[in-house]
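Data first, discussion second: the structure below is written as structure tokens.
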Amino acid sequence: LEGLSAAQLFVLQQLAARPTPASLGHLARATHTDPSSVSTVVQRLFYRRLVLRRRARDDARRAEISLSARGRRVLASVPGPTAQERIVSALMQLPEETREGLVVGLRALIATMGVAPEPGPFFFEDGVEPKRAPRSRRR
């Protein structure tokens, strides 16, 4: 677990919950984030060999992401739910009108702060730039 962010653990848990590989779009929806943000997290996981990435058979433009054996071992050692899981679970328990009120309030806060309306990073993800993915060794 050393060096893994809560965001990375959250993505691993979302992958583990699926019986089949996930696209980046699916992971973005499952983690309630922007595809570019989840892509950065997946790249870091791939570099650490915690996920596998391959081209979809039906669409070569789309990548399919799945857990590696190492990723499964890491998840097995996680003691409990991530902060993201707890937040998402709590939000889903709120009535829809309360969630909508939170959205309105957070948008007002962002506008007051003068922050540009662009996709933010995956929450609880550090600002370290991803390293290059390891190259496959040809035999």
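Of note:
- Pairs with Cβ under 7 Å, 6+ apart, first in the stretch 12-34 and of a type in the set (Asp, Glu), second surrounded by fewer than 18 Cβ atoms within 10 Å (Cβ to Cβ): Asp34/Pro119
- Search result, residues across the stretch 48-61 that are in a loop (DSSP other than H, G, I, E, B) and either in contact (Cβ under 8 Å) with a residue 60 or more places away in the chain or surrounded by 17 or more Cβ atoms within 10 Å (Cβ to Cβ) (or both): Arg48, Arg49, Leu50
- For the stretch 1-47, the candidate set comprises residues that are closer than 22 Å to Pro79 by Cβ and among the β-branched types (Val, Ile, Thr); within that set, the residue that is surrounded by the most Cβ atoms within 10 Å (Cβ to Cβ) is Val11.
- Residues that are farther than 19 Å from Asp59 by Cβ and aliphatic (A, V, I, L, M), drawn from the stretch 16-29: Ala16, Ala17
- Number of positions in the stretch 5-43 that are at pLDDT below 90, in contact with a helix residue (DSSP H, G or I) (Cβ under 7 Å, 6 or more places away or on another chain) and not in a helix (DSSP H, G or I): 2
- Per the listing Val115, Val42, Val38, Val74, the residue uniquely within 23 Å of Ala6 (Cα to Cα) and over 14 Å from the mean Cα position of the chain (by Cα) is Val74.
- Note on the stretch 62-107: residues that are surrounded by 11 or more Cβ atoms within 10 Å (Cβ to Cβ), of a type in the set (Asp, Glu) and in a helix (DSSP H, G or I) total 2.
- Taking the conditions (1) at pLDDT 75 or above; (2) closer than 22 Å to Leu15 by Cβ in turn, Phe124 satisfies each one other than (1).
The values are calculated or read from the model by the stated rules, or taken from the named source; none is laboratory data. Quantities reported herein were computed from a predicted structural model and do not represent experimental measurements. FYI the Cβ positions are ideal-geometry reconstructions off the backbone, even for glycines, and counts take in every protein chain you see.
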